[in-house]
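Quick notes on the structure that follows.
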Amino acid sequence: MRIGVLIGGGDCPGLNAVIRAVVRKAIDAYEDEVVGFRDGWRGVLENAFEPLTIESTRGILPRGGTILGSSRTNPYKREDGVERARETFAEHRLDGLIAIGGEDTLGVANRLHGDGVNVIGVPKTIDNDLAATDVTFGFDTALQIATEAVDRLHTTAESHHRILVVEVMGRSAGWIALHAGIAGGADVILIPEQPFDIEDVCRLIRRRHERERPFSIVVAAEGAVPKEGTTMTLATGDLDEFGHPRLGGIGQRLEGEIETRTGFETRATVLGHVQRGGTPTAFDRVLATRLGLAAIDAAHDGRWGMMTALRSTEIELVALEDAVAEVRRVPLGEYERYGVLFG
Ligand code: F6P
């Protein structure tokens, strides 16, 4: 077979491990040829590609980022996007494409499948917010980085009797914030799923002071929002090709609000893309490898329109349609269960 591979959306640790696994098995087990498209769907639209071989993918397993590059290009936002994708497919005589991505990239893959293009999906995102898979690779690495940051901020918060706000990634799901906050013993955790009242946040912080703990750690997902009708408001940023606003800024806003309302010195740290960079954890490398191996098998079994997924301990195939139908958010019951640990 001739198989294309691309990566779309925000990068995350483990992407190269998928590429390596696909290429190894495609060439050694199936005698396939593999073409890598540069920068996600942009590479397909502009026919920017490179042949992927065992030699060209050596040594990439522990490397962060992606050797193919990524972008947030949406072929359905271009007038002739689908036509151009078909032309590129024909030019390379591709039997199918393995698209590695999150909700946006896999959403495009699902639509292309509906338009008759052979696609298999592989889920990735540090946000861990894809339905139909229990975990996405990249999440474990991002969580380790965020937890280490919380640990480090804890000791300096205690020394200086400060309130330290940590802004982590998580556009519409608060998995990183919740898990890093629980693992690092945060006093307040703010997630997009549960709009917050700034007065409740300040109450928890004041209560700690009364209990002679004159410092606090607040972990906030970048997508956390104030509850409607409360006394804090947020402005929204510009939208990307998938209609998502550029986030970042809640940490700074919380810094100002908490300091003004409590009178306690407050500082914010924004972890940002630090969470997406660098070498993947062993867990993410293994998961990414398993998903890549299953993806090339699925292509050979003609399971187009499916996505490889971790279900419990097994790798299974699920319909792309189901995977992109909704975002996997933190269930409110789970968030509330931890409420006793706050403040
Ligand atoms: O979807 C993954 C993610 O890391 C989100 O958590 C974040 O909002 C977004 O990507 C940031 O994207 P960009 O790197 O394009 O600013």
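The values are calculated or read from the model by the stated rules, or taken from the named source; none is laboratory data. Every value quoted in this text rests on a predicted model; they were computed, and no experiment measured them. Using ideal geometry, Cβ is built from the backbone for each residue, glycine included, and neighbour counts are taken over all protein chains shown.
Looking only at segment 192-228, residues that are under 12 Å from F264 (Cβ atoms) and assigned to a strand (DSSP E or B) come to 2 in all. Residues in segment 126-148 that are within 15 Å of the ligand (Cβ to nearest atom), within 19 Å of G278 (Cα to Cα) and either hydrophobic (A, V, I, L, M, F, W, C) or surrounded by fewer than 21 Cβ atoms within 10 Å (Cβ to Cβ) (or both): 7 in all.
Can you confirm whether V44 is within 16 Å of L106 (Cβ to Cβ) and of a type in the set (V, I, T)? Yes: the conditions hold for V44. Here is the figure for segment 126-152: residues that are of a type outside the set (K, R) and more than 20 Å from S312 (Cβ to Cβ) total 12. Does D297 count as of a type outside the set (K, R), at negative phi and either touching a residue at least 24 places away in the same chain (Cβ under 8 Å) or buried (at least 16 other Cβ atoms within 10 Å of the Cβ) (or both)? Criteria met by D297. Suppose we filter segment 270-294 for residues that are closer than 18 Å to L143 by Cα and buried (at least 18 other Cβ atoms within 10 Å of the Cβ); how many remain? Total satisfying the criteria: 10. For segment 232-343, the helices (runs of 4 or more DSSP H) that sit wholly inside it and include 2 or more residues that are within 23 Å of A157 (Cβ to Cβ), touching a helix residue (DSSP H, G or I) at 6+ places or on another chain (Cβ under 8 Å) and more than 16 Å from the ligand (Cβ to nearest atom) are 250-262.
Results for (1) in contact with a Pro (Cβ under 6 Å, 6 or more places away or on another chain); (2) surrounded by fewer than 17 Cβ atoms within 10 Å (Cβ to Cβ); (3) not charged (D, E, K, R), shown as yes or no for each residue.
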residue	(1), (2), (3)
E210	no, yes, no
E222	no, no, no
T233	no, yes, yes
Q252	no, yes, yes
T260	no, yes, yes
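Each residue in segment 165-179 was checked for being within 13 Å of the ligand (Cβ to nearest atom) and either aromatic (F, W, Y) or buried (at least 24 other Cβ atoms within 10 Å of the Cβ) (or both), and 8 of them qualify. When segment 55-67 is filtered for residues that are touching a strand residue (DSSP E or B) at 6+ places or on another chain (Cβ under 8 Å) and more than 16 Å from the ligand (Cβ to nearest atom), the ones remaining, listed by number, are S56, I67.
Of all the listed residues (G121, G107, G81, G96), the sole one being under 15 Å from V324 (Cβ atoms), surrounded by fewer than 24 Cβ atoms within 10 Å (Cβ to Cβ) and away from the ligand (no atom under 12 Å from the Cβ) is G107.
Is it true that E158 is more than 28 Å from D127 (Cβ to Cβ), touching a Lys or Arg at 6+ places or on another chain (Cβ under 9 Å), of a type in the set (D, E) and surrounded by fewer than 19 Cβ atoms within 10 Å (Cβ to Cβ)? So E158 passes the test.
Results for (1) at pLDDT 95 or above; (2) of a type in the set (S, T, Y), shown as yes or no for each residue.
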site: G248; (1), (2): no, no
site: G251; (1), (2): yes, no
site: E265; (1), (2): yes, no
site: A268; (1), (2): yes, no
site: P280; (1), (2): yes, no
site: T289; (1), (2): yes, yes
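Within segment 293-309, not a single residue is out of contact with any strand residue (DSSP E or B) (no Cβ under 8 Å at 6 or more places or on another chain) and among the polar types (S, T, N, Q).
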